[in-house]
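Worksheet for the structure shown next.
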Amino acid sequence: MRADLDTLVIALYCAACALFPSQRTPRRGRPEKISDNELLALMVAQMLLQCPSDRVFLRRARRRLGHLFPYLPSQPRYNERCRRLVPKLVLLWKALAAETAGGGDDLRLLDTTPLPCGQSIETTRRSQLAPWAGFGYCPAHSRRYWGFKLVLLCAADGTICDFDLVAANTGERDAALALLQANPIEGATIICDKGFAGAEFNAAVAELQALLLRPSRTDEPDRPNPPIASIRQRIESIINSLKNQLLLERHGGRTPDGLLARITARVLALCAAINLNQRLGRPSRELTAYTD
């Protein structure tokens, strides 16, 4: 079996068919010409082909994937149906993530990353995302931005076990704690950075019966400094894969449903690639074979 985009799309379609009975959603009394399961595979292909624009992607897909998808919907219909597929995207992502080597691991990596959604003041006032978004600050790049904060809970092999989207002005520890409370982390080891320092956060994680490890701050000279630097860098590498290879910050989401669909599709694309790579004996987060 080769590691290429065609193989990944076919494998993902088969996984979707195993999870959801293959059926074409009726439209005004007529069956759809492309099923939901085909659309799920098509959405992942869009992320891997680095085409944030639906119009550009559909034009490219006719050339690159026409042998797999003889019929492609119009851009408005594609956008409409993709937004409705978020529940199936989540279920498929969770199913594939559970099959990876990291899915059953007790080691978890925790971090957040900015998710800008607009540049102009007019956007912040008129955008449909305005009621949920906020202004935040990114220390890593010394910049303010408007949008959301993506909270990630990952395995060491790159599998994204869970994520959450919160307003950019939400406290990092509050957002992370809500995500941890939504997951079964009893007995797990959670590795994070200095931004999660705080007695209340440590106590809350301890109540969840998990072990929290982070580097010591300069004002904590008496605190043990665990040797976790190399492991902690993996979460940065996972975020870089999302940003550089899956164009996370160029998501193009303009509505809550659209934003969630585009972010979940990227998470699914990464987990699907990791799942297939591990089956083929390749490095887990090697995505270059699927982005051609």
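The values are calculated or read from the model by the stated rules, or taken from the named source; none is laboratory data. Remember, predicted model here, so these are calculated numbers, not experimental data. Cβ coordinates were reconstructed from backbone atoms using ideal geometry, including for glycine residues, and neighbour counts include every protein chain displayed. Protein only, heavy atoms only, side chains kept; ligands, DNA and RNA dropped before computing areas. Shrake-Rupley method; radii C 1.70, N 1.55, O 1.52, S 1.80 Å.
A few remarks follow.
- Per-residue HN-Hα couplings for the stretch 272-280 [Karplus 6.51, -1.76, 1.60; θ = phi - 60°; Hz; x = Gly/Pro]: 5, 5, 4, 4, 5, 4, 5, 5, 8
- The stretch 187-277 - Rg over Rh from alpha carbon coordinates, Kirkwood radius: 1.08
- Stokes-Einstein D (µm²/s) once Rh is taken as the Kirkwood radius of the chain over alpha-carbon pairs, at 4 °C in 1.567 mPa s: 64 µm²/s
- For the chain, the share of accessible area belonging to carbon and sulfur comes to 50 percent (1.4 Å probe, ligands and nucleic acids excluded).
- Lysine pairs in the chain whose alpha-carbon atoms fall under 30 angstrom of each other, counting only those eight or more residues apart or on distinct chains, come to 10.
- Close amide H contacts of residue 161 (hydrogens built in the peptide plane, cut-off under 5 Å, sequence separation of 5 or more or a different chain): 153, 154, 155.
- Remark: spin-label model distance residue 60-residue 250 equals 0.8 nm, labels positioned 7 Å along the Cα→Cβ axis.
- Between the residues 263, 275, 246, the greatest Cα displacement towards the positive end of the dipole of the stretch 211-292, with unit charges on the Cβ of Lys, Arg, Asp and Glu, is found for 275.
- Based on C-alpha pairs under 8 angstrom that are at least 6 apart in sequence, the stretch 224-292 has a relative contact order of 20 percent.
- Neighbourhood net charge (9 Å Cβ-Cβ; Lys/Arg +1, Asp/Glu -1) for residue 137: +2
- FRET E, pair residue 33, residue 99, Förster distance 35 Å, beta-carbon r, rounded to 0.05: 0.70
- Short-range pairs are left out: with C-alpha atoms under 8 Å and at least six residues apart, the relative contact order of the chain is 23 percent.
- Charge dipole of the stretch 123-265 about the Cα centre (unit charges at C-beta), most positive-ward option of 179, 167, 231: 167
- Normalising the average separation of contacting C-alpha pairs (under 8 angstrom, six or more residues apart) by the number of residues puts the relative contact order of the stretch 89-203 at 30 percent.
- The stretch 93-245 has equivalent-ellipsoid semi-axes of 27, 19, 15 Å, by the square roots of 5 times the alpha carbon gyration tensor eigenvalues, sorted largest first.
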